[in-house]
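Colleague: There's a structure below that I have some questions on.
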Amino acid sequence: MYKRLTAIILILFITLGLTGCSSDLKFIFKKEKLSYNFYTDQLINSYIKNPPLEVYVFDVNMYKQINLSQDQSFDILKFVNSLKPEYCNPDIKNSIGDKKSIYKVFISFADTKYAINIYDENYISISPWDGSLDKDYVDMKDIPLSLNLYGLCKYYVENNR
């Protein structure tokens, strides 16, 4: 009787253990975003802690990377500082649809790296390089033209040829 009970418990543990391995752990431990501008706040806080180690623009159409100087990186910082929480809206994802990004801006700090996808003059998305949550979608319509990331990237790419 004792051997039979031990065998049943052992088979039960093995069966439950193996079925637990088949589920994707990414979805088990998935967190929800605390706000629509979660990654945007993290990017701003990273800028406050220390300056970025590297900032570069990637032109998706030409497949070309442009490393930004310190002055040019400061323009990106001014853009990040101009972002307000009300600019972030998850419904922008529907407005973007299937558009591919035209430019990408990568900002590297000591502990993390952020990617900003620029879709057009009005819409961008912000996320960490290895982020597991949905991107922050930002509407740039209310940002001054001098700080518009699309215009800045276009200028950097055209003047770097």
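The values are calculated or read from the model by the stated rules, or taken from the named source; none is laboratory data. Just so it is clear, the structure is predicted and the values come from calculations on it, not from any experiment. Quick note on the areas: whole protein, heavy atoms, side chains included, nothing else; ligands and nucleic acids left out. Shrake-Rupley method; radii C 1.70, N 1.55, O 1.52, S 1.80 Å.
Colleague: Find the Cα radius of gyration of the range 93-151, compare it with 2.2 N^0.38 Å by division, and give the number to two decimals.
Modeller: Details: Rg = 11.8 Å, N = 59, 2.2 N^0.38 = 10.4 Å.
Compared with the compact-globule rule of thumb, the range 93-151 sits at 1.14.
Colleague: To the nearest µm²/s, what D does Stokes-Einstein give for the chain at 25 °C and 0.890 mPa s, using the Kirkwood radius over alpha carbon pairs as Rh?
Modeller: Numbers: Rh = 18.1 Å.
Rounded to a whole number, D works out at 136 µm²/s.
Colleague: To the nearest 10 Å², what's Tyr36's accessible area with a 1.4 Å probe?
Modeller: Roughly 140 Å² of Tyr36 is accessible to a 1.4 Å probe.
Colleague: Run the helix sum for the chain: -39,500 (n - 2.57) per DSSP H stretch of 4+ residues, divided by residue count, reported at 222 nm to the nearest 500 deg cm²/dmol.
Modeller: On the way: 6 runs with 64 residues, N = 161.
About -12000 deg cm²/dmol.
Colleague: Report, to the nearest 10°, how far helix 149-158 tilts away from the longest principal axis of the Cα atoms in the chain, using its own Cα long axis and a range of 0 to 90°.
Modeller: 70 degrees
Colleague: Something else: Counting pairs of alpha carbon atoms under 8 Å apart in space and at least six apart in sequence, what relative contact order in percent does the chain give?
Modeller: 24 percent
Colleague: On to the next question. Expressed as a rounded percentage, what relative contact order does the range 54-115 have, with Cα pairs under 8 Å and six or more residues apart?
Modeller: Numbers: 53 pairs, mean separation 29.0, N = 62.
47 percent.
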